[in-house]
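The values are calculated or read from the model by the stated rules, or taken from the named source; none is laboratory data. Keep in mind the model is a prediction, meaning the values are calculated, not measured. Here the Cβ positions follow ideal geometry from the backbone for every residue, glycine too, while neighbour counts run over all protein chains shown.
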Amino acid sequence: NLHATPEIAFHGDPDIDTMPILAWSLKMAQHAVDSPVGLFFMRYQAYLYFPILLFARISWVIQSAMYAFYNIGPGGTFDKVQYPLLERAGLLLYYGWNLGLVYAANMSLLQALSFLFVSQASCGLFLAMVFSVGHNGMEVFDKDSKPDFWKLQVLSTRNVTSSVWIDWFMGGLNYQIDHHLFPMVPRHNLPALNVLVKSLCKQYDIPYHETGFIAGMAEVVVHLERISIEFFKDFPAM
């Protein structure tokens, strides 16, 4: 189960290893002590969270290009791309097609840049909210002190209450706990799996957290604010 193995350990999971911009635990926050940039984001991270998400898609595009062309990822050098020519051609064709669209629409340079930025920023915001509400603001474990696999997945992720809208918008990732426990289960079987997972957690007294989408996003922001307050309480001179 390589997909879920790193959940959710600092320096192990790229979904929360977001320093020096966002700290999800006090231990992560301590890495900001020697950095003016880190201290700035540490102080205002709860307020900057959604603006930062606007740049998530742009960051992923850059990471995709770095990986496809240079085998470099967020954590350093990755294994070689299996089909490098296809990967590179796909990226070039897709973004060439994007540029072709704005050219065909006879946009001015400013209009074209604005369109491309808004499309990428809005896509990044929506995608990042879907990812973050399932991962962020939950328990964070160090690699050498994390619990067993089952507890690690359940305690470090949250589910979002299902509805027709949520199931469509989140594409099944509202069942984040179930997805991380059994990542190979297809989306249409996640609701049935969810019933079994809830039952097992209740049987073994494992805390299981499910909430609404807006409430979940609020929990993420409140968590960031709490980390900031605790950090500057521990380091008042910062």
Check: Quick check: anything in the stretch 147-156 among the charged types (D, E, K, R) and farther than 28 Å from Ile52 by Cβ?
Finding: yes
Item checked: Selection from the stretch 149-164 of residues that are touching a Ser or Thr at 6+ places or on another chain (Cβ under 9 Å) and closer than 19 Å to Arg187 by Cβ -> Arg158, Asn159, Val160, Thr161
Next item on the list: Take the residues in the stretch 210-238 that are at pLDDT below 95 and not in a helix (DSSP H, G or I), then tell me which one is farthest from Ser35 (Cα to Cα).
Entry: Pro236
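Please work out which residue is nearest to the chain's Cα centre (by Cα), limiting yourself to the stretch 139-175 and to residues that are hydroxyl-bearing (Ser, Thr, Tyr) and over 20 Å from Ser25 (Cα atoms). Spell out how you get there, then give the answer.
In the first step, residues of the stretch 139-175 are kept if they are hydroxyl-bearing (Ser, Thr, Tyr); the result is 145, 156-157, 161-163, 175.
Imposing the further condition that a residue be over 20 Å from Ser25 (Cα atoms) reduces the set to 161-163, 175.
Values: Thr161: 19, Ser162: 20, Ser163: 22, Tyr175: 15 Å.
Within the stretch 139-175, the match that is nearest to the chain's Cα centre (by Cα) is Tyr175.
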Checklist line | Selected residue (criterion: modelled with the lowest pLDDT) from residues of the stretch 98-145 that are among the polar types (S, T, N, Q) and surrounded by 12 or more Cβ atoms within 10 Å (Cβ to Cβ) | finding: Asn98
Note to self: Checking the condition more than 24 Å from Ala215 (Cα to Cα) and either small (Gly, Ala, Ser) or assigned to a helix (DSSP H, G or I) (or both), which residue from Trp150, Trp165 passes?
What the structure shows: Trp150
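Every residue, every condition in (1) touching a Lys or Arg at 6+ places or on another chain (Cβ under 8 Å); (2) of a type outside the set (Gly, Ala, Ser), yes or no:
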site	(1), (2)
Ala89	no, no
Gly96	no, no
Ala104	no, no
Leu109	no, yes
Leu113	no, yes
Ser119	no, no
Val130	no, yes
Met138	yes, yes
Leu155	no, yes
